[in-house]
Each structure stands twice: as structure tokens, then as C-alpha cells.
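The values are calculated or read from the model by the stated rules, or taken from the named source; none is laboratory data. Everything numeric here is computed off the predicted structure, so don't read it as measured data. All Cβ positions, glycine included, derive from the backbone under ideal geometry; neighbour counts span all protein chains shown. Each accessible area value is taken on the protein alone, full model and side chains, heavy atoms only, with ligands, DNA and RNA left out. Shrake-Rupley method; radii C 1.70, N 1.55, O 1.52, S 1.80 Å.
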Amino acid sequence: MSSTLVLSTENNAPVRPVTQRPPAVFHPSIWGDHFLAYASDDMEVDINKKPNHQQLKEKVRKELVEAKGERSQQLDLIDAIQRLGVAYHFETEIELRLHHIYETYGDKNDEDLYTMSLKFRLLRQQGYPVSCDIFNKLKDDEGKFQESLIGDVRGLLSLYEGTHLRVHGEDILDEALEFTTTQLNSALPNLSNNPIAAQVVHALNENQPIHTGLTRLESRHFISLYEKDDSHNKVLLDFAKLDFNLLQKSHQRELSEITR
């Protein structure tokens with residue numbers, strides 16, 4: 001940068017120097033014009049999909065509100081809704097359903113490992129102060145976890161995920177984390193043809209609570225897993241896919257506006 005002293009035409013009095021600045025050189029965006037290229041046609045597609053999106057949403061809401069049958073089925077529906085990333089549409093309905101489950105927490109003594117662990121995790125995630133003492137019945141007379149649990153991979157995974165909501169002083173959950181981690185790692189080589197293998201690998205590799213993951217990334221991953229589950233809820237799956245795509249289009253549109 002250089003400055004040149006300029007004299008005025010009257011009495012040769014000096015004036016403010018004129019600064020000669022070098023031309024600015026800005027590096028091109030690493031994104032190029034990717035976001036600027038968002039087509040207006042995409043917006044029309046979004047508008048056409050919204051009626052179907054609303055219809056599917058109401059069907060899922062009805063299933064959630066009118067959920068009957070086994071407690072495990074109700075818990076599965078709530079869990080799937082949350083992990084598919086569409087829980088923000090049904091916050092009130094989920095809260096009412098979980099509150100009812102909380103009021104009867106500990107009443108059933110015949111629940112299997114999977115249901116017991118899933119109920120514990122969902123209620124803790126929702127902020128309910130449920131006790132971990134229910135897991136004491138999983139131990140034998142020597143204070144160790146029963147060997148009969150080892151073959152229940154689905155239940156072990158559910159318990160493993162629940163242990164990540166433990167607080168200081170909950171020794172049984174510390175023990176359960178160690179136990180389930182060991183058993184799941186041991187079971188992996190024998191799960192090559194089992195759809196649950198991908199869930200086990202993801203859980204062990206991430207080593208973090210489900211609810212602390214990035215919602216969009218976790219839901220995208222779970223959509224592919226849920227689709228392979230023969231017992232999946234087709235209405236819920238279709239809604240989750242459509243909701244994911246519409247939300248993604250919305251984000252693309254926002255980025256297009258910001259980068260103009």
C-alpha cells in the first residue's frame with residue numbers, strides 16, 4: 001500500500017493523501033454456484049408433496065394417540081418416531097403417552113429385557129426421574145448379570161443404549177454398560193446375516209447416547225435401517241422419508257437465498 005501527497009491548487013497547501021490500495025483478491029467459494037443453482041421447479045415439487053405429507057402426518061398422529069395393545073408396541077412406535085427424526089411434529093402426543101407410561105412405571109414384573117430397557121431410556125430422555133433399580137432383577141444370586149441374557153442381542157442393545165442416561169452413583173448401570181459392551185462385541189461375528197448387526201456396530205462405534213447425536217444425520221442413518229426391518233410401520237416410514245426430503249429442500253432453499 002502506498003500514499004501520494006497531493007498539493008492543493010491554492011497556495012500549494014497539502015491535502016489528505018490519496019491512498020492507492022491494491023485490488024482485493026477473494027478466493028472463490030469452495031461450493032461454487034451449487035446453492036445458487038436451486039431450481040424454482042423444486043419449489044413446485046415441494047408444494048405438490050405437501051398435501052400427501054399432511055395426510056401421512058395425521059395418520060401417524062392418529063396411531064400415536066389411539067395406540068393400543070402391548071406396552072412394548074407403544075414404546076416401539078414412540079422410539080421409531082423419535083429416531084426417524086419426526087418427533088417434533090408430535091411433541092404433545094408423545095409427552096402424554098410417556099406420562100401415562102411413567103405413572104405405571106414398575107408395575108409390570110414380566111417385561112423382557114428389551115421392553116424394560118427401552119421404557120427406561122425413553123422416560124429418562126423425556127426427563128422423568130425413573131429408578132434404575134428395576135435392573136436388579138436381571139442379576140443372579142451371585143450379583144452377576146444372568147447368563148440367559150447373553151443370547152438376547154436386541155435386549156442387550158436396548159440396555160446398552162439405556163445405560164448412557166445413567167447419573168453418578170448408579171453402579172448397576174455402570175456394570176450394565178460394561179456387561180453389554182462385552183457381550184455385544186462378542187456377538188457381532190455371529191450377526192452377519194442379522195439386520196440388527198448394523199445397529200450394534202453403529203451403537204458401539206458412536207459410543208454416545210442416541211439423543212445427543214445430530215438429528216438429521218441419525219435419522220438418515222436410521223431410515224435405512226428401519227426400512228430393512230420386516231416389522232416396520234409403512235405409514236411412518238413413508239412420512240419420515242417425505243419429511244426428510246422436504247426439510248432438506250427447505251434448507252437448500254435457505255442456503256440459496258443466503259449465498260446470493
> Which of the residues spanning the range 125-184 are loosely packed, with under 11 Cβ neighbours inside 10 Å and hydroxyl-bearing (Ser, Thr, Tyr)?
Replying inline: Ser148
> List pairs: first in the range 54-70 and under 15 Å from Leu96 (Cα atoms) and modelled with pLDDT under 95, second polar (S, T, N, Q) and assigned to a helix (DSSP H, G or I), Cβ under 6 Å, 6+ apart or cross-chain?
Replying inline: Ala67/Gln74
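Got a number for residues in the range 98-117 being open to solvent by less than 20 Å² (accessible area, probe 1.4 Å) and over 22 Å from Leu138 (Cα atoms)?
Matching residues across the range 98-117 total 1.
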> Pick from the range 203-223 the residues that are open to solvent by less than 40 Å² (accessible area, probe 1.4 Å) and not hydrophobic (A, V, I, L, M, F, W, C): which of them is nearest to Leu123 (Cα to Cα)?
Replying inline: Pro209
> Out of all the residues in the range 157-164, is one or more out of contact with any Lys or Arg (no Cβ under 8 Å at 6 or more places or on another chain), over 29 Å from Leu191 (Cβ atoms) and not hydroxyl-bearing (Ser, Thr, Tyr)?
Replying inline: no
> Only one residue in Glu58, Glu95 is open to solvent by 40 Å² or more (accessible area, probe 1.4 Å), under 17 Å from His211 (Cβ atoms), assigned to a helix (DSSP H, G or I) and among the acidic types (Asp, Glu). Which one?
Replying inline: Glu95
> Looking only at the range 224-260, which residues are buried (at least 16 other Cβ atoms within 10 Å of the Cβ), of a type in the set (Gly, Ala, Ser) and at pLDDT 90 or above?
Replying inline: Ala240
> Among the numbered criteria (1) farther than 25 Å from His89 by Cα; (2) surrounded by 17 or more Cβ atoms within 10 Å (Cβ to Cβ), which single criterion is violated by Pro189?
Replying inline: (2)
> Name the residues in the range 63-113 that are under 18 Å from the mean Cα position of the chain (by Cα) and among the aliphatic types (A, V, I, L, M), would you?
Replying inline: Leu75, Leu77, Ile78, Ala80, Ile81, Leu84, Val86, Ala87, Ile94
> Which residue pairs have Cβ atoms under 7 Å apart, sit 6 or more places apart or on different chains, and have a first residue in the range 113-132 that is touching a residue at least 60 places away in the same chain (Cβ under 8 Å) and among the polar types (S, T, N, Q) and a second that is open to solvent by 10 Å² or more (accessible area, probe 1.4 Å) and assigned to a helix (DSSP H, G or I)?
Replying inline: Gln125/His211
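Please go through the range 214-230 and pick out each residue that is of a type outside the set (D, E, K, R) and in contact with a helix residue (DSSP H, G or I) (Cβ under 7 Å, 6 or more places away or on another chain).
Hits for the range 214-230 are Ser219, His221, Phe222, Ile223, Leu225, Tyr226.
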>> For the range 216-260, give me each residue that is among the acidic types (Asp, Glu), under 20 Å from His202 (Cα atoms) and in a helix (DSSP H, G or I).
In response: Glu218, Glu227
